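Step one of this worksheet: look at the structure below.
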Amino acid sequence: MLVLGVGVAGLQALATAKRLGARTTGYDVRPEVADQVRSVGRSGSTWVSTRSGRAATRVSSARRSASSSRKRWSRRSAGSTW
């Protein structure tokens with residue numbers, strides 16, 4: 001099982017999958033989460049990117065763009081009833 005983004009939910013998913021016998025791999029752009037992934041006692045391998053610069057910038061930019069689009073949609077649809 002591959003988990004992209006090893007936050008709280010990702011760590012829980014890795015632990016659950018490992019407990020059920022799956023081979024697991026965790027990926028995150030933050031190198032500091034490697035120890036957290038290892039502490040879950042995963043099987044298989046863990047890959048934590050150390051090249052987080054440009055990728056993290058692109059993800060952050062996309063997230064901001066999606067957030068502003070959601071806000072615009074929310075404002076436009078606030079007056080409508082279903």
Candidate set from segment 4-36 (those that are part of a loop (DSSP other than H, G, I, E, B) and among the aliphatic types (A, V, I, L, M)); member that is farthest from the chain's Cα centre (by Cα): Leu20
Test for Arg23: is it at pLDDT 60 or above and either surrounded by 10 or more Cβ atoms within 10 Å (Cβ to Cβ) or aromatic (Phe, Trp, Tyr) (or both): yes
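The values are calculated or read from the model by the stated rules, or taken from the named source; none is laboratory data. Keep in mind that what you see is a predicted model, and the values were worked out from it rather than measured. Neighbour counts are summed over all protein chains in view; Cβ atoms, including those assigned to glycine, are modelled from backbone coordinates with ideal geometry.
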